Structure formats: C-alpha cells, structure tokens
1. If I ask for residues that are assigned to a loop (DSSP other than H, G, I, E, B) and closer than 26 Å to A:SER195 by Cβ, which ones from region A:220-257 would you list?
2. Being within 8 Å of chain A (Cβ to nearest Cβ) and hydroxyl-bearing (Ser, Thr, Tyr) is the filter here; which residues of region B:100-155 pass it?
3. Does any residue of region A:97-112 turn out to be of a type in the set (Gly, Ala, Ser), modelled with pLDDT of 95 or more and in a strand (DSSP E or B)?
4. If you take the residues in region B:17-43 that are open to solvent by 30 Å² or more (accessible area, probe 1.4 Å) and aromatic (Phe, Trp, Tyr), which one is nearest to the other protein chains (Cβ to nearest Cβ)?
5. As an exercise: evaluate B:ARG330 against (1) open to solvent by 50 Å² or more (accessible area, probe 1.4 Å); (2) not assigned by TED's automatic domain parsing to the domain that holds B:VAL249 and give the number of the one condition it does not meet.
6. Which residue is surrounded by the fewest Cβ atoms within 10 Å (Cβ to Cβ), if the candidates are limited to region A:235-268 and must be out of contact with any Gly (no Cβ under 9 Å at 6 or more places or on another chain) and within 15 Å of A:ASN188 (Cα to Cα)?
7. How many residues, within region A:150-199, are among the β-branched types (Val, Ile, Thr), outside any loop (DSSP other than H, G, I, E, B) and more than 25 Å from A:VAL278 (Cα to Cα)?
8. Restricting attention to region B:66-92, report how many residues are open to solvent by 10 Å² or more (accessible area, probe 1.4 Å) and either closer than 20 Å to B:GLU33 by Cα or part of a strand (DSSP E or B) (or both).
Protein chains: 2
Amino acid sequence: MRQILLSHGGGGKETQKLIKDLFFKYFSNPILEKMEDSAVLEINSKIAFTTDSFTVYPIFFKGGDIGKLAIAGTVNDLTVMGAKPLYLSCSFIIEEGFPIEYLEKILTSMSKEMEKSQVKIVTGDTKIVPKGFADGIFINTTGIGKVIYEGISAQNLEEGDCIVISGTVGDHGACIMAQREGMEMDSNIESDCESLWDMVEKVINSGVKIKAMRDPTRGGLSAVLNEWALSSNVEIEVEEDKIPVKPEVQGLCELLGFEPYTLANEGKIVFCVDKKDVEKLLTVLKNHQKGKDATFIGKVISKGKPVVILKSPYGTRRVMEFPSGELLPRIC
Amino acid sequence: MRQILLSHGGGGKETQKLIKDLFFKYFSNPILEKMEDSAVLEINSKIAFTTDSFTVYPIFFKGGDIGKLAIAGTVNDLTVMGAKPLYLSCSFIIEEGFPIEYLEKILTSMSKEMEKSQVKIVTGDTKIVPKGFADGIFINTTGIGKVIYEGISAQNLEEGDCIVISGTVGDHGACIMAQREGMEMDSNIESDCESLWDMVEKVINSGVKIKAMRDPTRGGLSAVLNEWALSSNVEIEVEEDKIPVKPEVQGLCELLGFEPYTLANEGKIVFCVDKKDVEKLLTVLKNHQKGKDATFIGKVISKGKPVVILKSPYGTRRVMEFPSGELLPRIC
C-alpha cells in the first residue's frame, strides 16, 4: 500500500507532486491552482471568519469521516453567523506512513461535502511528521463566508423567547462512543455530520427573525444553552421529554452513563426566536430533509439569573449543568 | 507544574476557563472576545487568504519559538502577495500533559510578534489529544490581509529581470539542525524568524515595481527559484559567490552535507524586479534593519527553458536542482 513519506512534506519535488497529483484532483479550482502563497479573493461585503482543527478518532465512522467533518464543521460555523460559506483553507498534518488510499478516501468525501454548499478550498498546506508524532491525520479548515443575515448574537435572548432544535441530539457523540467501545456492529447509530447552510438559508429567506443560532458540537445542547444563559443573563427552561433523542442513542447513553444533551452533534442547529416566529420556523425546518425532526424544546422564562433548567414531565426541575470534566476527547 | 488536561478540550467549563484566563490574556481584542462561532470583519477590498500549520521541533529555538514562527510565517505569506496583514485565526492541537508554562511562553511570543505588524487573532480553536497522539503542540494560523499591491506573480519573469534576496540564506534551517544535533551550545546560529510586512511596505511605497516576491521557507531559495523558472518558463542564472551565507551556517552545511540554498528561511524575501528597479530596491532594503544584507544574486538570462543555474566564481555552471528527498522534517 502506498504511504505518505516524510519527503512529501519537504517543500521540494515530492511535495509539488503530492499537491498536483492528489490535492488538485479533488479540490481543483482556478484560485487554488495558481499555487501562490496566498489566494486573492474579492467579496465586497462583511465577512465571517472561523477556524477548526479536526483530530477525531476513529477517522472513519458511520455517517462520515474526518474529511466530511472538516468541511461540514467549518461550513456550519459560518452558517450560524448568517454567512453564506464561500472559501476554505485546508491544512493537513499527516503522520509518516499514513496510507495514501485513506487520504484519497478522505479527499473524496471532502470534495463531495463541499459540493453541497458550493464552497471551495482556495489555499492549503501540508506538513508530514515522523511516525509516532501525530495520530494518522489532523485537518484544519478555516472558512470565509459572506454575511447575508446580521444581528445574530448569544446576547439577544429575552423573556418569552423560544428555543428550537433542528433534530435529534447526541447522534455524533454516541456514534463515536459506540465505535470506540467496539459496539458499532451491534448498533445502527450514525453520526449526523452534515453541512447545514442550505437549511439555514431557507430559514433566513422565510423572514423568520433569528435572535441566536448555534451548532451544538463539543459540549452538546447543554453547552450552547448555558453559554446563551450566561451571555444574555437569563433563565432558560427546557422540557426534558421534548428534547428529541433517538432510542438507540438514549440506550447507549444509559449504558455508558452519559446525558444525550452533553454529547456532540455535527448536523444540528439550536435556534432562539421570538415566540411569534416559532411556528413559522418549525414549518420551514420540517419541510427540509435535515430539519424533519425539528422540535420546540423550551423558553426563556426570566431575566437576571443565568441558569438552564431541565423540567421533567412530572414537573420536577433540575439544573442542566454546563458540561465539565473529561468529556469524550477527540470527538471532532 | 500545571499541565494541559483532556478536559481543557472538552468544550465545557474547563475549555471556557482556558480561553478566558489564558488566550484572552495574550490575544485580547473586541472581536475575539465576542466568542461567537465566527468573527465578523469588514474589509472592503480584495483580500489575500493563506494558511499554515506549524509542527516545528524543537518548539523553542535560538531566535524564536513555534509561536513566533506561527505568526511570522502567516504574516509573511500575506506580505509576499502584496497584502497588509490584518486578521489571523489560530488553532491549537495540544498533547495532554503539555506544561501550561510553555504554553504561556508561546502565547507571549505570539502576542509580541503580532504587535510588529498590528495583526490580530480574531477567532480560534483548541483541541487536546491524549498523551502520545501528538508531539507537544501544533499550531495552525490562517491569515487575511488587504491587498494593497497587485500584479505579483511567479509567471511574471522575463529576460533581463534581476533577482534580489533580502539577506543571508539558510539561517532558520541551520539553527534547527544545530539544535537537533545537540550543537546549539557551540554555535551562535540563530533563526531569522521574523515578520517582514514593515520592510515590504517600504518597498511598495518606494514605487519599485515588484514582479515576483516569495519567502523562501521549506525548500529554501532553491525551491523558490525553481518554481519561478517553471511558472515563467525561463532560465535563471545565480552567481554562487553572491548568495549571502553566514560563515557559521556555511560551516554547519559543510559539516552535515547540506547546501545553504536548500535550507528554510523564515525572515527573508526573494524579489524579482526589472533591472531598472534593482538599485532602488537594494537601497530601500539596505536602509531597513531586516534588509541590511540584501544582495543582487542573479538574473533571468533567457526564455523557453525552465532551469536554474548556479555559476561559480570560476565560470563553471551547474544546475541548482529543485530540492527533493527527505529534507529536514518539522522545520516549520
């Protein structure tokens, strides 16, 4: 099996060959092919700018791989700022000996995922480290988007506002856990890893006023709601039985002692909107394949005390804590 | 000694604390402190966009460290496209157990280096991987600059054009080699790691027409000249005795069997200008601290054959090959 060699990262002939034979095959576009030290772009608008490094293990998982995740993750971070994703940079850190076949599989899924939101990789970098100094492959993607919807902020939450989640929670985290525990064969838990720009664009075009919007990745739904409660200094109350969770994810969580709302999602969005907009938002989301399980899960109930409350169907109330401690490492 | 823990990367309380207590202390600015999923920027101009991941070993070296390098490297990649560096993203991959004291030392030098070109980190990411899955710390910086000088391209070289290097070659590569070989105590070889925007801005303002401009990092001077020869389909002739090399770098190269012009530089720029501009370019460079050793080293002598020739003082001519094979890994 052909492997990545140290010489592929030396900046000489072999690096040029790797770029031209492999990266250009999957990422081809006129800006990238100029091979200058920077890409030159013309956007003429406010831009959103975001970065993420991906170190997920295993690199191939049900529903995706590190490549799909590296595109979807950064596309979604632009998306939740109301920005249409346009350009990405991509930087690889690869361990010597990494199979080129795996790299091609990853590049293929990056290329497919980019097509969904018409985003392009316009500049890149590759570093090869000797065997034992990294684990297979790490990918950084940094994105630029054109801001088409302004005013989204974690500080916007007010009493009476409604919280909506675009689908089931915990799928990505549960999928990675199941594979690490060697349970992937018995389980049909799939990562929800997915670019969401097309869905959010429909919400923006519908005229719904989005007050806050986040993709609940590391730390899950719980981290997003706690950050919002803190930033806006409000109390949020979530109805536990309304949070959509797939039965198999719930089962795994019970087995391993996790709460599904602390697990990472990679294809979901949490919205905060005024109560007059909540029906419209749900209709738009449910009409989209990626939002078919969208659910209204709770409200902002008062100002002055930053806390998130989980209300059981029996009326008991407990704090939904900000996640802490050793959550699952290398989830994304 | 306090250490980085897996929980610092979980996306929960500890991650928030790391960001607020440490990263904000060194990188503080209003855009970053919004802590949204993307930074929102207003530039209103053509922008340059570039990325680099830094995996250098050792992380602390004479003349700099991985942090200084991560800022200077990306600032220089914007600079050589005629773009004033404005904003950076910064993403860390840190191995569990990494000393927080080292991280603070790195953040301090990043902060100092950013001041030199007034560039700001406006968005970031931190991943922690378990012990043994990365080597200490890897840093990705991705930069956005405002293009203020257009038309620079590797395809611009024509017969008669002159090649100028802003200073001695091979310093960074030689410094890393010396430290790896345990020779740092005997040698006074320092990395040239340095942001060069201020020097290049002076060249731009002088009215010199810059045809091509590159920072000769991995693959050194040789990789830049060979890429130019290929892109413009020209023969470049360089006079070997004019290439400025520090005696201690030359000595180390002879000892270890390297050519100084294949070694990485992190604080130098190679220019190609029309011959009528060469005197002015040299004057501007020599008047700047970072360009005091600037030298005219060669010319484009003909069209139609992409090759770089090294001419000795005795008139013998040999090909300056595109570097290949296992060059020094983890040089940047």
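The values are calculated or read from the model by the stated rules, or taken from the named source; none is laboratory data. Just so we're clear, the structure is a prediction, and the values are computed from it rather than from any experiment. Counting neighbours? That spans all protein chains shown, and the Cβs are built from the backbone with ideal geometry, glycine included. Surface accessibility is based on the protein's heavy atoms, side chains included, excluding ligands, DNA and RNA. Shrake-Rupley method; radii C 1.70, N 1.55, O 1.52, S 1.80 Å.
1. A:ILE243, A:PRO244, A:VAL245, A:LYS246
2. B:THR123, B:THR142, B:SER153
3. Of the residues in region A:97-112, the ones of a type in the set (Gly, Ala, Ser) are A:97, A:109, A:111.
Going one step further and asking which of them are modelled with pLDDT of 95 or more, we end up with A:97, A:109, A:111.
Then keep just the ones that are in a strand (DSSP E or B); that gives none.
No, region A:97-112 has no match at all.
4. Among those residues, the one meeting the criterion is B:PHE24.
5. So B:ARG330 meets the others, but not (1).
6. Result: A:PRO247.
7. 1
8. So the first thing to find is which residues in region B:66-92 are open to solvent by 10 Å² or more (accessible area, probe 1.4 Å), and the list is B:68, B:77, B:81, B:84, B:86-87.
Those left that are additionally either closer than 20 Å to B:GLU33 by Cα or part of a strand (DSSP E or B) (or both): B:84, B:86-87.
Total satisfying the criteria: 3.
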